[in-house]
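Here is the structure we will look at, set down as structure tokens.
The values are calculated or read from the model by the stated rules, or taken from the named source; none is laboratory data. Just so it is clear, the structure is predicted and the values come from calculations on it, not from any experiment. Glycine also receives a Cβ, built like all others from the backbone with ideal geometry; neighbour counts cover every protein chain displayed. Remember, those area values only see protein heavy atoms, side chains included, never the ligands or the DNA or RNA. Shrake-Rupley method; radii C 1.70, N 1.55, O 1.52, S 1.80 Å.
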Amino acid sequence: VDQVNRSGQNVTVRGWVFDPDSPEPVQVEVRVDGETVATVAADALRPDVDATWSEGAARGYEVTVAVDNSVARQLCVYADNIGPGGRLLLGCEVV
């Protein structure tokens, strides 16, 4: 997770992820207070990731979700593991 930005009730999450077991884009899941609010493919171009890891440039994600701002919420980002293993927690932040 590179960035989490809040603007009113909208929270935008940006980052990158890849699974070295597969050339396919990883699915990224955003949860707010444990509830899935968005799922996107990490297939946005990130040449910086490819330059460092040589795993292809289509490894980024960006998603905006609506979050009730009347109280603090826990936003967590997960990545699906392709192949053996489970879902990987990429990070959490109070928004």
From Glu29, Glu24, Glu35, grab the single residue that is in contact with a Ser or Thr (Cβ under 7 Å, 6 or more places away or on another chain) and acidic (Asp, Glu).
Glu29
Mind listing just one residue for me: the one in the stretch 32-69 that is open to solvent by 70 Å² or more (accessible area, probe 1.4 Å) and of a type in the set (A, V, I, L, M) and, of those, nearest to Asn10 (Cα to Cα)?
Ala66
Looking for whichever is aliphatic (A, V, I, L, M), in contact (Cβ under 8 Å) with a residue 12 or more places away in the chain and farther than 12 Å from Asp80 by Cα here; the options are Val4, Val26. Which one fits?
Val4
For the stretch 26-44, what are the residues that are more than 12 Å from the chain's Cα centre (by Cα) and in a loop (DSSP other than H, G, I, E, B)?
Asp33, Gly34
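Within the stretch 57-68, is there a residue that is under 17 Å from Gln3 (Cβ atoms) and touching a Phe, Trp or Tyr at 6+ places or on another chain (Cβ under 6 Å)? Break it down into steps so the answer makes sense when it comes.
Restricting attention to the stretch 57-68, the residues satisfying the condition of being under 17 Å from Gln3 (Cβ atoms) are 59-65, 67.
Okay, now just the ones that are also touching a Phe, Trp or Tyr at 6+ places or on another chain (Cβ under 6 Å), so 59-60.
There is at least one residue in the stretch 57-68 that is under 17 Å from Gln3 (Cβ atoms) and touching a Phe, Trp or Tyr at 6+ places or on another chain (Cβ under 6 Å).
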Across (1) more than 27 Å from Val94 (Cβ to Cβ); (2) of a type outside the set (S, T, N, Q); (3) over 13 Å from the mean Cα position of the chain (by Cα), Gly8 clears everything bar (1)
Here the qualifying pairs (Cβ atoms under 8 Å; residues six or more apart or on different chains; first in the stretch 50-72 and closer than 18 Å to Ser22 by Cβ and of a type in the set (Lys, Arg); second open to solvent by less than 80 Å² (accessible area, probe 1.4 Å) and in a strand (DSSP E or B)) come out as Arg59/Trp16; Arg59/Ala44
With the requirement that a residue be among the aliphatic types (A, V, I, L, M) and either modelled with pLDDT under 95 or out of contact with any Asp or Glu (no Cβ under 7 Å at 6 or more places or on another chain) (or both), what does the stretch 1-12 give you?
Val1, Val11
Looking at (1) surrounded by fewer than 13 Cβ atoms within 10 Å (Cβ to Cβ); (2) closer than 18 Å to Val94 by Cβ, which is the only condition Arg14 fails?
(1)
Mind checking which residues of the stretch 50-69 are in a strand (DSSP E or B) and of a type outside the set (S, T, N, Q)?
Ala58, Arg59, Gly60, Tyr61, Glu62, Val63, Val65, Ala66
Reported set for the stretch 70-94 where residues are open to solvent by 70 Å² or more (accessible area, probe 1.4 Å), in a loop (DSSP other than H, G, I, E, B) and not polar (S, T, N, Q) is Val71, Ala72, Pro84, Arg87
